[in-house]
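*Asks:* There's a structure below that I have some questions on.
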Amino acid sequence: MSDKKVVKILAKRFITHDVKSFIVEKPDGYSFEPGQATKVAINKKGWTEEGRPFTFTSLNRDKVLEFIIKGYYDHDGVTKNIHELETGEELLIGDPWGTIKYKGEGTFIAGGAGITPFVSILRDLKKKEEIKNNKLIFSNKTAKDIILEKELKEIFSKKPNNLILTLTDESKKGYEDKMIDEEFLKNKIDNFSQKFYLCGPPAFNEDISASLKSLGANPETLVF
């Protein structure tokens, strides 16, 4: 990691059973755009070069930075060790980068932790009162896996039908219980000439992208 900046963890909390929010120091003069990410590493021997990309979920105007990080406990990797850090311990962050950027009203489609690049964008739009007709389709395995469900409902409170939460491994009242496939998209979207923002595992992005193109979306309107 080049241009590493040392930042202290100021606070941390679980926001789902396996996802934590980390509030960290913001270096002087540091700025980013909603949707951007940076490489994050642990400032401990053996881990300083193990940087992984994480998206900023705070707003650039905030005096601190926030990262929302899912912990994978099945191996001794970066996220497991980040989750085990205590307040006061340090992370290393690089410069901001990323291709996901808000380019106008459209539909956001996220799978699991893929919601994170959209959090800052949606928070920014909410702050500016510019949510308008934006829509979010958010897929998770179960209801307990949904990141920031309460806040997302607040963001879309003026147009609750523009927030579609679907579960793939559970049937529960108030949620869709289907995978996001071509049929699902056809039923939920009536305009395929709009912009689409995608973020999830690589296979998720590929499948959704192919389905959208099949339904008439212009490849140039896909942001992921």
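The values are calculated or read from the model by the stated rules, or taken from the named source; none is laboratory data. The structure presented is a predicted model; accordingly, all values stated were derived computationally and were not measured. Neighbour counts run over all protein chains shown; Cβ positions are idealised from the backbone, glycine included.
*Asks:* Part of a strand (DSSP E or B), of a type in the set (D, E, K, R), out of contact with any helix residue (DSSP H, G or I) (no Cβ under 9 Å at 6 or more places or on another chain) and touching a residue at least 40 places away in the same chain (Cβ under 8 Å): does that describe LYS8?
*Replies:* yes
Rundown of residues vs (1) in the same structural domain as GLU206 (by TED's automatic domain parsing); (2) surrounded by fewer than 16 Cβ atoms within 10 Å (Cβ to Cβ); (3) farther than 30 Å from GLN194 by Cβ, yes/no style:
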position: ILE69; (1), (2), (3): no, no, yes
position: TYR73; (1), (2), (3): no, yes, yes
position: ASP76; (1), (2), (3): no, yes, yes
position: ILE82; (1), (2), (3): no, no, yes
position: THR99; (1), (2), (3): no, yes, no
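*Asks:* Select from segment 17-38 the residues that are surrounded by fewer than 18 Cβ atoms within 10 Å (Cβ to Cβ), within 16 Å of the chain's Cα centre (by Cα) and more than 23 Å from LYS127 (Cβ to Cβ) and list them in ascending order.
*Replies:* Answer for segment 17-38, where residues must be surrounded by fewer than 18 Cβ atoms within 10 Å (Cβ to Cβ), within 16 Å of the chain's Cα centre (by Cα) and more than 23 Å from LYS127 (Cβ to Cβ): just ASP18.
*Asks:* Restricting the search to segment 182-208, which residues are out of contact with any Ser or Thr (no Cβ under 6 Å at 6 or more places or on another chain), over 19 Å from LYS132 (Cα atoms) and among the acidic types (Asp, Glu)?
*Replies:* GLU183, GLU206, ASP207
*Asks:* Name the single residue that is modelled with the lowest pLDDT among those in segment 95-118 being small (Gly, Ala, Ser) and within 14 Å of the chain's Cα centre (by Cα).
*Replies:* Filtering first and then ranking leaves GLY98.
*Asks:* Then there is this: Taking the conditions exactly as written (among the basic types (Lys, Arg) and surrounded by 18 or more Cβ atoms within 10 Å (Cβ to Cβ)), does LYS12 satisfy them or not?
*Replies:* So LYS12 passes the test.
*Asks:* Just for segment 184-220: of the residues that are in contact with an Asp or Glu (Cβ under 7 Å, 6 or more places away or on another chain) and part of a helix (DSSP H, G or I), which one is nearest to ASN140 (Cα to Cα)?
*Replies:* If we take residues in segment 184-220 being in contact with an Asp or Glu (Cβ under 7 Å, 6 or more places away or on another chain) and part of a helix (DSSP H, G or I), then SER211 is nearest to ASN140 (Cα to Cα).
*Asks:* Against the condition in contact with a strand residue (DSSP E or B) (Cβ under 7 Å, 6 or more places away or on another chain), surrounded by 17 or more Cβ atoms within 10 Å (Cβ to Cβ) and touching a residue at least 40 places away in the same chain (Cβ under 8 Å), how does PHE118 come out, does it pass?
*Replies:* So PHE118 passes the test.
*Asks:* Between a first residue in segment 186-208 that is under 20 Å from LEU163 (Cβ atoms) and a second residue that is basic (Lys, Arg), which pairs have beta carbons less than 7 Å apart while being 6 or more apart in sequence or on different chains?
*Replies:* Every condition considered, the pairs that remain are LYS195/LYS103.
*Asks:* Please tell me if LEU91 is farther than 28 Å from LYS126 by Cα, touching a helix residue (DSSP H, G or I) at 6+ places or on another chain (Cβ under 9 Å) and aliphatic (A, V, I, L, M).
*Replies:* Criteria met by LEU91.
*Asks:* In the list ASN161, ASN133, which residue meets the criterion of being farther than 23 Å from PHE14 by Cα, loosely packed, with under 12 Cβ neighbours inside 10 Å, touching an Asp or Glu at 6+ places or on another chain (Cβ under 9 Å) and not assigned by TED's automatic domain parsing to the domain that holds GLY35?
*Replies:* From the options ASN161, ASN133, the qualifying one is ASN133.
*Asks:* Would a scan of segment 168-175 turn up a residue that is of a type outside the set (A, V, I, L, M, F, W, C), at positive phi and not in a loop (DSSP other than H, G, I, E, B)? First the steps, then the outcome.
*Replies:* Kept after step one, since they are of a type outside the set (A, V, I, L, M, F, W, C), are these residues of segment 168-175: 168-175.
After this cut, where a residue has to be at positive phi as well, the list is 174.
Now restrict to residues that are not in a loop (DSSP other than H, G, I, E, B): none.
So far as segment 168-175 goes, no, none of its residues is of a type outside the set (A, V, I, L, M, F, W, C), at positive phi and not in a loop (DSSP other than H, G, I, E, B).
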